[in-house]
Amino acid sequence: MHPHTPPSSDAMAPETPLTQRKLARRVTLVNGIGVLFILGLAAVVLAADALLLIFACILFSILLYKLSALLHQRTGIKRNIALVIVVLLLTAIFGLGGWAMAPQISEQSGQLAKEIPAAVERLQAEVAQHPLLKRLVAELPPPEDIVKQMGSLVPNAGLFFSGVIGALGNIVIIIFVGIYFAASPGVYTGGFIRLVPQQKRGRAREVMQEMGDNLSSWLLGKAVSMLIVGVTTAIGLSILGVPLALILGVIAGLLDFIPYLGPIMAGIPAVLLALSISPDLALYALLLFAAINMLEGYVLQPMIEAKAIELPPALVIVMQLIFGTLFGFAGVALATPLAAVLSVLVKMLYIEDILGDRPADRPGDSPAKAS
């Protein structure tokens with residue numbers, strides 16, 4: 001006779017209505033999360049321009065808040081009064097600077113649009129004489145198409161409106177909304193935090209504080225870096241004798257906001273114009289941009305990252321490619337601050353909260369600020 005083993009009661013017990021209800025609830029929850037994720041992704045794609053414009057407004061407001069907070073700490077005046085002073089100073093600086101340089105910039109911009117096609121044609125003619133590079137020249141677009149793409153780069157930045165008037169509208173929206181955000185940030189951050197469950201509001205406030213601190217330090221350092229790069233480029237090209245040095249310096253300063261890709265984009269027209277004069281001048285211009293990039297990479301960038309979150313270069317470039325593919329030039333321009341925000345979210349909400357890894361004692365990590 002074989003020993004008889006009684007069957008397990010769990011294996012033989014039929015599913016109870018309570019078990020079925022729990023299973024149905026879990027299935028419904030998973031399906032609901034999936035539907036919400038799809039709807040959220042669709043909303044981001046469809047309203048990407050508006051969301052990027054809002055993010056640009058937030059960045060500008062963070063910069064204004066940081067500057068006014070520094071003025072408040074140094075002088076002791078009220079922060080709202082400090083904000084008014086900062087706005088007036090920036091208006092005076094950019095207003096007077098724009099009024100003084102507007103005629104030259106406008107004239108040189110028109111000349112640049114005419115000189116680039118001729119420079120590209122001369123480059124194609126020179127390179128076409130070498131058999132190994134002839135195929136590469138055949139793959140280049142016509143000079144008119146290159147100028148058209150460069151001219152449409154800024155107006156079609158992909159924020160909200162299109163065209164030149166739309167670009168000015170974007171700037172006006174960023175300025176005014178940024179000022180309102182900077183004037184009373186607690187109203188907006190407090191309203192957002194109230195959407196979070198009460199037991200998580202303290203942590204949400206810490207995360208927002210960390211993101212604000214990182215972005216403000218990065219923006220302030222980047223503003224200084226843009227000014228240095230723009231002035232240095234204009235002076236260096238003028239000394240070398242490259243034409244249209246002022247507008248090329250302005251372009252270099254603005255594109256310096258985009259790490260890694262921006263300096264390359266700024267150097268191409270300068271080298272092309274120098275090449276139209278002589279190959280030696282083009283080499284000197286190339287060396288100038290290389291020296292400026294080394295100055296930024298080894299001096300300015302470490303100073304920025306010392307007070308802000310450090311982002312690996314490969315991650316920044318990948319984010320630029322992804323956001324550029326999805327949202328155009330505006331996505332490329334805002335990829336780095338977006339990557340900084342995502343890095344804080346991953347570090348604090350996933351690594352620290354979900355995985356429980358809080359390396360407060362590790363060098364380079366600072367504990368989250370208490371609310």
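Values quoted throughout were computed directly from the atomic coordinates according to the rules given, and no laboratory measurement underlies them. Please read all numbers here as calculations on a predicted model, not as lab measurements. Glycine also receives a Cβ, built like all others from the backbone with ideal geometry; neighbour counts cover every protein chain displayed.
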Requested in this report: State, to one decimal in nm, how far the label point of residue 283 lies from the label point of residue 298, with both points 7 Å from Cα in the Cβ direction.
Outcome: 2.2
**Report entry** Ranked 79, 205, criterion: other C-beta atoms within 10 Å, fewest first
**Finding:** 79, 205
Query raised in the report: Tell me, in nm to one decimal, what length is gained between residue 224 and residue 208 on full extension, where the rule is 0.36 nm per residue of separation less the Cα-Cα distance?
Result: 3.3 nm
Query raised in the report: Hey, with R₀ at 51 Å, roughly what FRET efficiency would residue 50 and residue 21 work out to, going by the Cβ-Cβ distance, to 0.05?
Result: 0.80
Report task. For residue 70 and residue 346, calculate 0.36 nm times their separation in residues minus their Cα-Cα distance, and state this gained length in nm to one decimal. Result -> 96.5 nm
Report task. Starting from the Cα of residue 84, step 7 Å along the direction of its Cβ; do the same at residue 28; then give the gap between the two resulting points in nm. Result -> 5.6
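Please give me the summed charge of the neighbours of residue 183: other residues whose Cβ is under 13 Å from its Cβ, Lys and Arg +1, Asp and Glu -1.
+2
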Query raised in the report: So which GluC sites (Glu not before Pro) in region 276-335 pass both tests, a DSSP loop state and at most 16 other Cβ atoms within 10 Å of the Cβ?
Result: 310
Report summary line: Simple SL model, points at 7 angstrom along Cα→Cβ for residue 325 and residue 92; separation in nm is 4.9
Query raised in the report: If you stretched the chain out fully between residue 290 and residue 264, how much longer would it get, using 0.36 nm times the residue separation minus the C-alpha to C-alpha distance?
Result: 8.4 nm
